[in-house]
Amino acid sequence: MRQIRRTHFAFAFAFGLAAVLGASPVAASGIPTGETQLGTSLIEPAYNDITGNIIYLLTPEKSPFPTHTSNSAVAPLWLVEYPTGSTVGTLNCMGVPGNCPDHDGAVAGAAAGIMPSVYGAGTIGHDHLVAPPGHQGDFNIAWEVVEVLFTNKAAANTHLTTLAAVNTAIASGNAISVDLGFAFHCSVVPASAYNAGTPVG
C-alpha cells in the first residue's frame, strides 16, 4: 500500500452546480477538461496515477458530502494545483471558478491560504490523480482529497500525472501534500459517459 504524507487541514467545502450550455469539454489540445453533467451526476477527467492515462470519475449530485466513511475504506485522490504562470498546459479543471465550478474556487482558495508565496496571485487549475480499479489497496468509492502544492513556481512548470511523479516532487522538496480533511464518493466510468454529458461551467 502506498504511503500518504498528510498535513491535516480542516476545510469547509460546499458543492454548488451551475450548468452553462455551449462550452466544450475537450480543449484544442485534445485533452479533456472540465465537468460534464449526465442526468443527476457530474463526470470529470482524472489521471490514472500509475500510467498517466486519462480516466473519468462520476459523482452523483445527491451523494452524501462529505461522506462518513471509515478511514480504512477510503483511497487518496491527489489534487495537484498549478499557480498562475505555470506552463503545463491543459488541466483536468481549468480556471476559477472555471469549468469545474463546484470545487475550483474552494481548492484554489486552500492553495492560496497554505502556500501564498506560490499561489497568492491565483491558479490556472488542477488535475486529479487516482488509482484505477483493480490496484490493490488504493482504489475505493470513497476518496480522501489530498491537495498537492508546489513550494516554488519553477517546479510548477512540471506536469505531474502519476503518483511516482508526485512522490518525486515531494521527496525533492518541490511540493507538499495536504490532506483537506474530507472524502466524497465517485466511481470510474467510460469516456462515452463523459462525452454524452452537458459541459458545466
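The values are calculated or read from the model by the stated rules, or taken from the named source; none is laboratory data. What you are looking at is a predicted structure, and each value in this text was computed from that prediction instead of being measured. Here Cβ is always computed from backbone atoms with ideal geometry, including for glycine, and neighbour counts include all displayed protein chains.
Details
- Among the conditions (1) modelled with pLDDT of 95 or more; (2) within 19 Å of N92 (Cβ to Cβ); (3) in a loop (DSSP other than H, G, I, E, B), A121 misses just one, which is (2).
- Enumeration of residues in region 113-128 that are touching a strand residue (DSSP E or B) at 6+ places or on another chain (Cβ under 9 Å) and surrounded by fewer than 19 Cβ atoms within 10 Å (Cβ to Cβ): I114, G120, A121, G122
The rows are residues; the columns are (1) within 16 Å of the chain's Cα centre (by Cα); (2) modelled with pLDDT of 95 or more; (3) not acidic (D, E).
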residue	(1), (2), (3)
A142	yes, no, yes
A156	yes, yes, yes
H159	yes, yes, yes
T168	no, yes, yes
N174	no, yes, yes
S177	yes, yes, yes
G181	yes, no, yes
H185	yes, no, yes
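- Each residue in region 46-78 was checked for being in a strand (DSSP E or B) and at pLDDT below 80, and 2 of them qualify.
- Restricting region 129-139 to residues that are surrounded by fewer than 21 Cβ atoms within 10 Å (Cβ to Cβ) and within 17 Å of H185 (Cα to Cα), the residue that is modelled with the highest pLDDT: P132
- Residue check for N174: over 21 Å from Y194 (Cβ atoms), in contact with a helix residue (DSSP H, G or I) (Cβ under 7 Å, 6 or more places away or on another chain) and either surrounded by fewer than 19 Cβ atoms within 10 Å (Cβ to Cβ) or of a type outside the set (A, V, I, L, M) (or both): yes
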